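*Asks:* I am attaching a structure below and will ask some questions about it afterwards.
Since every read-out is calculated from the coordinates, none of them should be taken as a lab result. Not measured: the values here are computed from a predicted model. Note that each Cβ is placed from the backbone with ideal geometry, even for glycine, and that neighbours are counted across all protein chains shown.
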Amino acid sequence: MLDITGEVQEKISKGNIKEGIATVFIPGSTASVSTVEYEPGLKKDIPEAMEKIAPKNKDYEHHKTWGCDNGSSHVRATLMGPGKVFPFKDKALILGQWQQIVLLDFDTKTREREVIVQIIGE
Amino acid sequence: MLDITGEVQEKISKGNIKEGIATVFIPGSTASVSTVEYEPGLKKDIPEAMEKIAPKNKDYEHHKTWGCDNGSSHVRATLMGPGKVFPFKDKALILGQWQQIVLLDFDTKTREREVIVQIIGE
Amino acid sequence: MLDITGEVQEKISKGNIKEGIATVFIPGSTASVSTVEYEPGLKKDIPEAMEKIAPKNKDYEHHKTWGCDNGSSHVRATLMGPGKVFPFKDKALILGQWQQIVLLDFDTKTREREVIVQIIGE
């Protein structure tokens, strides 16, 4: 779980659009985007909750298709969805005081991730 | 779980944009937005399902950070996400006959909530 | 779980907008939209995970309201949300190599579904 608020805000700051929405989207089927109060406790609580919903060590049918081990990653990503939309005004994200935008990478191996930030407004 | 369809529709009706999307977003990390058939049964079923996913009485790591008791609220909000996007046409939300837009406040204390409704289109 | 990537891409291809976002939305309270690697294994794994979150045979309060049997469908749909937003560039959806857009119909009876694809950009 990685805080990407700075990167999203930077993309908005560098653009010419004052008010609108930023779509933050992961091209890939084993990661998601959401918001969280980014502090050490929840960095453990959120993965623990996901482990309960889709445990890593289960025998997923997906493993039989490819001989891989990341069925849990796919299930978690589909449940949480590949992206979210964030409103901004005066080129500033409208977030709560303790709310950060995070990339949740569910894959079982370390990966480089590309994150799409598409900005629309005027 | 609070029906906010009327407030979202009102914002669209008062604006000048005929066709587009309304981003409904909660600045805060313990509430979400979704749709539901807003009737008394589901007003009990949905919280019960959330209680199974992230029980209130669990010892969350988040509680150790702040000495608070709303770890479950944060986990639920991150899982469901802070906002949703709703299409509209001729200044009317495109919803199913039994589909309402709801604010799901997961916090353990009663709070006032600000809801952002950002409208884009033409 | 039905692959609707082709239909969404077709709508983008036929329009005049080169870069923007496509909001894919279900008017109805018993279905959702997300992405998945659309292969036979996950077509079993995803419904199995949803069955654990909101089992079909549970006695939902919703059933008492209407004498129906689709409480699980409503709970699943509210949890996953009624729609998602997808960025595109040069009239092509930006998706991962093994990522498809899917309609998840949770209802207990076979239904015809209308899917809204609202395109915004320039």
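*Asks:* Which one, C:THR78, C:THR5, C:PRO55, is farthest towards the positive end of the dipole of the stretch C:1-81 when Lys and Arg carry +1 and Asp and Glu -1 on their Cβ?
*Replies:* So the residue furthest toward the plus end is C:THR78.
*Asks:* Still on this structure, I have one more. If we hang a label 7 Å off Cα along the beta carbon direction at C:THR65, how far is it from the matching labels on the other copies, in nm, shortest first?
*Replies:* Spelled out, the distances from C:THR65's label point are 3.4, 3.4 nm.
*Asks:* Convert each backbone phi in the stretch A:100-117 into a coupling constant with the Karplus relation 6.51 cos²θ - 1.76 cosθ + 1.60 (shift: θ = phi - 60°), then list the ³J(HN,Hα) values in order as whole Hz, x for Gly and Pro.
*Replies:* Along the stretch A:100-117, the couplings run 10, 7, 10, 8, 9, 9, 8, 5, 7, 10, 5, 9, 7, 10, 9, 10, 8, 10 Hz.
*Asks:* Can you give the helix-only mean residue ellipticity at 222 nm for the protein assembly as shown, where every DSSP H stretch with n ≥ 4 adds -39500 (n - 2.57) and the sum goes over all residues, rounded to the nearest 500 deg cm²/dmol?
*Replies:* -9500 deg cm²/dmol
*Asks:* Roughly what angle does helix A:71-80 make with the longest principal axis of chain A, taking Cα atoms, 0 to 90 degrees, to the nearest 10?
*Replies:* The answer is roughly 30 degrees.
*Asks:* Could you tell me the relative contact order of the stretch A:58-108? Use alpha-carbon pairs under 8 Å, at least six residues apart, and round to a whole percent. List each step's numbers first, then the result.
*Replies:* Working: 26 pairs, mean separation 19.2, N = 51.
Here the relative contact order equals 38 percent.
*Asks:* Under unit Cβ charges (Lys, Arg +1; Asp, Glu -1), what dipole magnitude, rounded to 20 debye, does the stretch B:78-117 have relative to its Cα centre? Before the final figure, lay out each step's value.
*Replies:* On the way: 6 positive and 5 negative charges, 19 e Å.
Using only the charged Cβ atoms, the result is roughly 100 debye.
*Asks:* Please report the relative contact order for chain C, taking Cα pairs under 8 Å with a sequence separation of at least 6, and give it as a percent rounded to a whole number. The partial results should precede the final answer.
*Replies:* Values: 209 pairs, mean separation 62.1, N = 122.
Once divided by the residue count of chain C, the mean separation gives 51 percent.
*Asks:* Then there's this: On a 0 to 90 degree scale, rounded to 10, what angle separates helix A:5-14 from the longest Cα axis of chain A?
*Replies:* It is inclined by approximately 40 degrees.
*Asks:* A further question on this structure: For chain A, with a Gaussian network of springs between Cα atoms less than 10 Å apart, report the residue from A:ALA22, A:ALA49, A:ALA77 with the top mean-square fluctuation.
*Replies:* A:ALA49
*Asks:* What residue of chain C has the nearest C-beta to the axis that moves C onto A, and what is that distance in Å, given as a whole number?
*Replies:* Here the value is C:VAL85, 3.
*Asks:* Count, for each residue of A:11-18, the Cβ atoms from other chains sitting within 10 Å of its Cβ, then give me the mean as a whole number.
*Replies:* 0
*Asks:* Taking the Cα centre of the protein assembly as shown as origin, work out the dipole magnitude from +1 charges on Lys and Arg Cβ and -1 charges on Asp and Glu Cβ, in debye rounded to 20.
*Replies:* Using Cβ point charges on Lys, Arg, Asp and Glu, the protein assembly as shown gives about 120 debye.
*Asks:* Top mean-square fluctuation among A:ILE26, A:ILE101, A:ILE17, Gaussian network model of chain A, C-alpha springs under 10 Å?
*Replies:* Between A:ILE26, A:ILE101, A:ILE17, it is A:ILE17 that shows the largest mean-square fluctuation.
*Asks:* Can you tell me, using C-alpha contacts under 8 Å and at least 6 residues apart, the relative contact order of the stretch B:38-84 as a whole percent?
*Replies:* On the way: 20 pairs, mean separation 14.0, N = 47.
Here the relative contact order equals 30 percent.
*Asks:* Work out how much length C:ASN16 to C:LYS56 would gain on full extension: take 0.36 nm times their residue separation and subtract the Cα-Cα distance, in nm to one decimal.
*Replies:* 10.1 nm
*Asks:* Among A:PRO87, A:GLY15, C:THR35, whose Cα projects farthest towards the positive end of the dipole of the protein assembly as shown, with charges put on the beta-carbon of Lys, Arg (+1) and Asp, Glu (-1)?
*Replies:* The Cα lying farthest towards the positive end belongs to A:GLY15.
*Asks:* In µm²/s, what is D for the stretch B:1-65 at 4 °C and 1.567 mPa s, where D = kT/(6 pi eta Rh) by Stokes-Einstein and Rh is the Kirkwood radius from Cα pairs?
*Replies:* Result for D is 86 µm²/s.
*Asks:* By how many nm would the segment from C:THR110 to C:CYS68 grow when fully extended, if each residue of separation counts as 0.36 nm and the alpha-carbon distance is taken off?
*Replies:* Full extension from C:THR110 to C:CYS68 adds 13.7 nm.
*Asks:* Determine the shape class of the protein assembly as shown: with a ≥ b ≥ c the square roots of the Cα gyration tensor eigenvalues, call it rounded for a/c under 1.5, and otherwise prolate if a/b is greater than b/c, oblate otherwise.
*Replies:* Details: a/c = 1.14, a/b = 1.14, b/c = 1.00.
Rounded.
*Asks:* Moving on. Can you tell me which of B:PRO40, B:PRO87, B:PRO55 moves the most in a GNM of chain B? Springs connect C-alpha atoms under 10 Å apart.
*Replies:* Of B:PRO40, B:PRO87, B:PRO55, the Gaussian network model singles out B:PRO40 as fluctuating most.
*Asks:* Tell me, what does the Kirkwood hydrodynamic radius of chain A come to in angstroms if you use every pair of distinct C-alpha atoms? Before the final figure, lay out the partial values.
*Replies:* Numbers: mean 1/r = 0.0646 Å⁻¹.
Mean inverse Cα-Cα distance, inverted, gives 15.5 Å.
*Asks:* For chain C, find the longest principal axis of its Cα atoms and tell me its angle to the long axis of helix C:40-53, 0 to 90°, nearest 10.
*Replies:* 50 degrees
*Asks:* With +1 assigned to the C-beta of every Lys and Arg and -1 to the C-beta of every Asp and Glu, and no other charges, what is the dipole magnitude of chain B about the Cα centre in debye, to the nearest 20?
*Replies:* 120 debye
*Asks:* When we measure straight from the Cα of A:LYS14, which lysines land under 28 angstrom away, once same-chain ones fewer than 8 places off are left out?
*Replies:* Leaving aside lysines fewer than 8 places away in the same chain, those within reach of A:LYS14 are A:LYS84, A:LYS89, A:LYS91, B:LYS84, C:LYS18, C:LYS84, C:LYS89, C:LYS91.
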